[in-house]
């Protein structure tokens, strides 16, 4: 039985492999093993519970007062279309509410998917904390082609 759970340190290499596979296709930005070890507590994973590698992941990153980001969302090719992406985003949004964070954004190439989850497009200039915390170090800065989207809870 496949289920959703918080990530554990033992999941880092599997998360990394999943992210790198999809980053190679240009669907998201890669993350280093070091970044993943430092941020593992932010992640949820889809665990197939058969001893195999995780089949999906997503992280909720706190950016600022009342502002969080859903990032590193990926679902393995063989698990797409089964609702796991939606469940991963719901888990992150639920955690944001629990933490008192009522604005959640994402930078994505999958705007249609996030629109279905209740997110709406916003101008990137409403996210100055994100730009100076992360984007400034991105190889695509300042010519980012991701779509900024936000949900207010």
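Data table
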| item | result |
| --- | --- |
| Ascending count of other beta-carbon atoms within 10 Å, so fewest first, for 1, 150 | 1, 150 |
| In nm, spacing of pseudo-spin labels at residue 90 and residue 8 (7 Å Cα→C-beta vector) | 2.5 |
| Two-site label geometry, residue 113 and residue 49: point separation in nm, points 7 Å out along Cα→Cβ | 2.3 |
| Relative contact order of the chain, defined on C-alpha pairs under 8 angstrom at six or more residues apart (%) | 20 |
| Theoretical gain in end-to-end length, residue 1 to residue 27 [0.36 nm per residue, Cα-Cα removed] | 6.6 nm |
| Listed peptides 40-49, 54-63, 27-36 by packing density, highest first (mean Cβ within 10 Å) | 54-63, 40-49, 27-36 |
| Using alpha carbons only: equivalent-ellipsoid semi-axes of the chain, gyration tensor based, whole Å | 23, 17, 15 |
| Difference of contour (0.36 nm per residue) and Cα-Cα distance, residue 34 to residue 121 | 28.2 nm |
| Highest-fluctuation residue, 19, 82, 73 considered, GNM on the chain with Cα pairs under 10 Å | 82 |
| The chain: angle of helix 12-24 to the longest principal axis, Cα-based, in degrees nearest 10 | 60 |
| Antiparallel DSSP beta bridges within the chain, as percent of all bridges there, nearest 5 | 90 |
| Sum of -39500 (n - 2.57) over DSSP H runs of 4+, divided by residues of the chain (222 nm, nearest 500) | -9000 deg cm²/dmol |
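FYI, it's all coordinate maths here, none of it is from the lab. What you see is a predicted model; the values in this text were computed from it and never measured. Note that we place each Cβ from the backbone using ideal geometry, even for glycine, and neighbour counts take in every protein chain shown.
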